[in-house]
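Engineer: The structure under discussion is supplied below as structure tokens; questions concerning it will follow.
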Amino acid sequence: MTHAYTPGLRIAEKTKVASHRVLPLLGDVVVKKGDVLRAEDVVARTHLPGKVHAINAVNRLGIQPKDLREYMLKKEGDPVQKDEIIAETKPWVKMLKAVLLSPITGTIETISTVTGQILLREPPKPIQVSAYVDGTVTEILEKEGVVIETTATLIQGIFGVGGETVGELVLAVDKPEDTLADDRILPAHKDKIIVGGAFVRHDALEKARRVGVRGIIIGGFNDEDLKKLLGYDLGVAITGSEEIGLTLILTEGFGQIPIAQKTFDLLQSRAGAKASINGATQIRAGVVRPEIVIPYETSKPSGAETDKPADRGMEIGDTVRVIRVPYFGKIGRIKALPFSPQTIETEASVRILEIEFSDGSTIVVPRANVEMIER
């Protein structure tokens with residue numbers, strides 16, 4: 001056996017990207033197959049049911065549940081306004097009259113003569129899904145959404161927070177080793193996605209939010225600053241739904257780690273192009289990677305695609321990144337893939353590989369301690 005399978009981190013200068021744009025509930029698809037779309041274009045719409053509010057009407061009115069409908073001024077399905085009277089008693093003495101006001105604007109959903117409760121529902125919330133990337137609709141998922149394909153530069157990161165956003169890609173540093181300090185974030189970066197270097201501090205992120213930066217791509221970040229940014233400990237979960245004013249993508253990991261030179265060069269070569277990024281990350285079952293998608297203009301020839309086949313095994317010469325200390329974040333090429341398991345320092349018997357770095361040095365690590373970088 002000459003190879004084994006391992007997690008992969010895709011970095012491709014030019015590859016075909018298929019984006020599935022799906023509604024959370026069944027709705028209406030508003031585009032057709034073959035349409036050429038911009039990232040901002042809406043592809044599907046639906047409505048989320050409004051929140052339900054329960055009122056214990058019999059306690060408020062001092063009546064029996066079986067008599068509730070007699071005191072109702074509204075029936076099921078009727079619209080109501082906030083603070084509108086929906087039920088009242090009719091005593092001989094007007095001063096003793098009890099009234100029930102609607103706590104919301106919405107509709108009467110249920111009147112129960114068993115429990116004595118009234119259920120009201122807020123108006124449905126409109127939801128729409130955008131294309132996210134510039135591309136062509138290749139498939140219609142009836143009442144659900146679409147599949148959009150585009151030829152693009154694709155870079156997957158290690159970790160991210162914040163959802164989907166789109167903007168012009170701009171470099172804010174000169175070298176991958178630079179720190180993205182607050183003085184490098186300029187008013188001209190409003191609505192842009194900026195590329196930093198090895199590290200960004202919390203004060204620089206705060207300035208970026210004030211300026212209106214849509215996204216930051218950086219090598220590393222402090223985990224304590226992540227807590228400040230979110231306002232809570234993240235824990236183990238899928239990210240991407242945070243409302244923090246921008247999207248942050250780490251290409252290397254936590255700490256001060258320069259963006260890999262090839263990644264930086266690739267981002268630099270696409271500076272000025274329109275990029276779509278998403279910080280959604282899931283590190284457990286069903287791995288989700290934060291991504292940077294930079295489509296090529298559809299009006300220009302796309303040229304040859306350079307992506308490698310997905311889900312293939314490791315081979316000698318492949319580029320990998322070490323994902324365990326003490327070599328965390330270092331990138332090199334596979335020099336050897338011994339077939340037989342070997343005993344490591346922990347006394348476990350595991351499959352290993354030999355990695356050669358750019359300076360000529362080599363290390364031997366378990367295969368589980370690396371991830372492939374598909375370039």
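The values are calculated or read from the model by the stated rules, or taken from the named source; none is laboratory data. Note that the coordinates shown come from a computational prediction; the quantities given were computed from them, not determined experimentally. Glycine also receives a Cβ, built like all others from the backbone with ideal geometry; neighbour counts cover every protein chain displayed. The area values use the complete protein model at the heavy-atom level, side chains included, leaving out ligands, DNA and RNA. Shrake-Rupley method; radii C 1.70, N 1.55, O 1.52, S 1.80 Å.
Engineer: So which residues in the range 36-92 are within 18 Å of residue 111 (Cα to Cα), hydrophobic (A, V, I, L, M, F, W, C) and open to solvent by less than 30 Å² (accessible area, probe 1.4 Å)?
Structural biologist: Scanning the range 36-92 gives 55, 57, 58, 61, 63, 68, 72, 80, 86, 87.
Engineer: For the range 317-332, does any single residue satisfy the condition of being farther than 30 Å from residue 199 by Cβ, surrounded by fewer than 19 Cβ atoms within 10 Å (Cβ to Cβ) and within 34 Å of the chain's Cα centre (by Cα)? Let's see the steps before the verdict.
Structural biologist: Taking the range 317-332 first, the residues farther than 30 Å from residue 199 by Cβ are 317.
So of that shortlist, the ones also surrounded by fewer than 19 Cβ atoms within 10 Å (Cβ to Cβ) come out as 317.
Remaining after also requiring within 34 Å of the chain's Cα centre (by Cα): 317.
Looking through the range 317-332, at least one residue is farther than 30 Å from residue 199 by Cβ, surrounded by fewer than 19 Cβ atoms within 10 Å (Cβ to Cβ) and within 34 Å of the chain's Cα centre (by Cα).
Engineer: Where residues in the range 13-30 are part of a strand (DSSP E or B), of a type outside the set (Val, Ile, Thr) and under 16 Å from residue 42 (Cα atoms), which of them is most open to solvent (accessible area, probe 1.4 Å)?
Structural biologist: So in the range 13-30, the residues part of a strand (DSSP E or B) come out as 13-22, 28-29.
So of that shortlist, the ones also of a type outside the set (Val, Ile, Thr) come out as 13-14, 16, 18-21, 28.
Then keep just the ones that are under 16 Å from residue 42 (Cα atoms); that gives 19-21, 28.
Working: 19: 15, 20: 116, 21: 23, 28: 96 Å².
So, considering only residues that are part of a strand (DSSP E or B), of a type outside the set (Val, Ile, Thr) and under 16 Å from residue 42 (Cα atoms), the one most open to solvent (accessible area, probe 1.4 Å) is 20.
Engineer: Just name the residue that is most open to solvent (accessible area, probe 1.4 Å) out of those in the range 216-248 that are among the small types (Gly, Ala, Ser) and within 14 Å of residue 204 (Cβ to Cβ).
Structural biologist: Here the residue is 245.
Engineer: Follow-up question, since we're still on this one. Do you know which residues across the range 338-366 are closer than 28 Å to residue 12 by Cβ and either assigned to a strand (DSSP E or B) or open to solvent by less than 20 Å² (accessible area, probe 1.4 Å) (or both)?
Structural biologist: Here is the first cut: in the range 338-366, the residues closer than 28 Å to residue 12 by Cβ are 351-363, 365-366.
Passing the criteria: 352, 353, 354, 355, 356, 357, 362, 363, 365, 366.
Engineer: Considering only residues that are outside any helix (DSSP H, G or I), more than 30 Å from residue 133 (Cα to Cα) and hydrophobic (A, V, I, L, M, F, W, C), which ones fall in the range 33-73?
Structural biologist: 52, 54, 55, 63, 72, 73
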